[in-house]
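Beneath this line is the structure, given in structure tokens, with notes to follow.
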Amino acid sequence: MIKSKGYAAKDSASALEYMEFERRELGANDVLIDILYSGICHSDIHQVHNEWGGTHYPIVPGHEIVGKITAVGTAVNKFKIGDLAGVGCMVASCGNCENCKSDQQQFCLEKKTVWTYNSVDVMHDHSVTFGGYSNNIVADANFVLHVPESLDIKKVAPLLCAGITTYSPLKRWNVGKGHHVGVLGLGGLGHMAVKIAVAMGAQVTMISHSPKKKNDATLLGAHHFLNTNDAQELEKYKASFDFIIDTVSVPHDYNLYLGLLKTRGVHICVGIPAAPMEINGRSIMGGNKILTASSIGGIQETQDMLNFCAEHNILPETELIDIDYVNEAYQRVLDSDVKYRFVIDMASIEK
Ligand code: NAP
Ligand code: ZN
């Protein structure tokens, strides 16, 4: 077994604290990665607090991982020792079903998607996976990404979840020149959505309940800012968006935002509030609106996103922290006080 050091929560009410644990041995198709940086996603917080149900404790979160390859299995050609590597939300899947074969491993029809943490590893030893708030990780090389050398390694980790989760639906819906895109919620996902939609050529309006973020939205590239506390401004934006990408992490009024869409406009949910959505049928019928959602992205698509970000020089805005600051960082994410993604410097686990 491979020895690991990480930060874990013992139950839904506990703070994260130092824990030593073991990972499975490297198989022929696997790589071992020394983790350099790990991003903090709001999904980590939802799962640590068991807001979606089914959390296995202790839980070591983290699915925005970059590091260096330190060992490769005998059948691995894709990487060599010393390569930069990234891991996102998945570390294995069946590989044979229609969805796995069409780069939708997150929807493996055999139900064998192995999530990076808090997931029973049905493709290997049936242990529960531990994530990236740790010094190393073992993953199937087919689920590991090449990190372009031109991207600042200290900032790149959040692309592995926040980046792909926003890139994937924008790409799927062919968002580009001539489209007006609203990005709802300026946090980790929201700020990536702004940067990527702008790079794709869209007109972008940041839709936020935090007026203090207006200046930052402009710096990120947003063309307009809609303060959702201002009824008059909301009125002005009625029937004006082709797309809204909704990154809000708490329950909110979907009917209100459906009213901001043009006829046949598309509301794309990527935020995952713990409570069910309440939708009034008339909110989608009037104007033949489309209400849809999107879950991360496939592995090849994640590589495409990394290459797209390298080409357009897109990186998240990050605050680099030591691992012992993780609990304060969680509170700041919950308080909407993150600019705009925390990244843990994993070297700090040795302190
Ligand atoms: P985050 O950094 O906390 O951003 C969420 C944003 O939601 C906040 O910055 C805030 O923006 C807005 N918000 C927060 N509280 C609010 C409130 N009370 N009322 C209205 N707006 C509020 O979170 P994140 O990491 O971007 O993740 C966002 C959501 O996406 C989470 O639910 C996460 O689990 C989910 N997620 C989904 C996928 C997927 O595959 N679909 C992948 C990753 C994450 P403003 O201050 O600008 O209003
Ligand atoms: Zn995430």
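The values are calculated or read from the model by the stated rules, or taken from the named source; none is laboratory data. Predicted, not measured: the structure shown is a model, and the values here were computed from it. Ideal geometry is used to build each Cβ from the backbone, glycine not excepted, and the neighbour counts take in all protein chains shown. SASA here: full protein model, heavy atoms, side chains in, ligands and nucleic acids out. Shrake-Rupley method; radii C 1.70, N 1.55, O 1.52, S 1.80 Å.
A few points about this structure:
- Protein accessible area in the chain, 1.4 Å probe - carbon and sulfur %: 50
- For the chain, hydrophobic long helices are taken as DSSP H runs at least 15 Å long by C-alpha position along their axis with mean Kyte-Doolittle hydropathy of -0.5 or more; these are 162-172, 188-199.
- Computed accessible area, T263, all protein chains, 1.4 angstrom probe, square angstrom: 100
- Cα centre as origin, Lys/Arg/Asp/Glu Cβ charges: the chain dipole, Debye: 1000
- Taking one quarter of the surface of the C-alpha convex hull of region 162-293 gives a mean projected area of 7.1 nm².
- Under the Karplus curve 6.51 cos²θ - 1.76 cosθ + 1.60, θ = phi - 60°, whole-Hz ³J(HN,Hα) for region 227-241, x wherever Gly or Pro sits: 8, 6, 7, 9, 4, 5, 5, 4, 4, 4, 8, 4, 6, 10, 9
- Probe 1.4 Å - accessible area at E64, Å² to nearest ten: 0
- Which of T113, T70 is most accessible, then next, and so on - probe 1.4 Å: T70, T113
- Check: region 111-259 dipole with +1 on Lys, Arg Cβ and -1 on Asp, Glu Cβ, in debye: 260
- Under 5 Å, built H, 5+ apart or other chain: amide partners of K112: C94
- Computed with a 1.4 Å probe over protein heavy atoms only, the accessible area of W52 comes to about 100 Å².
- Anisotropy class of region 263-351 from Cα gyration tensor, a/c 1.5 cut: oblate
- Using all pairs of distinct alpha-carbon atoms, the Kirkwood hydrodynamic radius of the chain works out to 20.5 angstrom.
- For region 162-293, the per residue solvent-accessible surface stands at 44 Å², with DNA, RNA and ligands left out and a 1.4 Å probe.
- Counting all C-alpha pairs of region 169-220, share separated by more than 13 Å (%): 52
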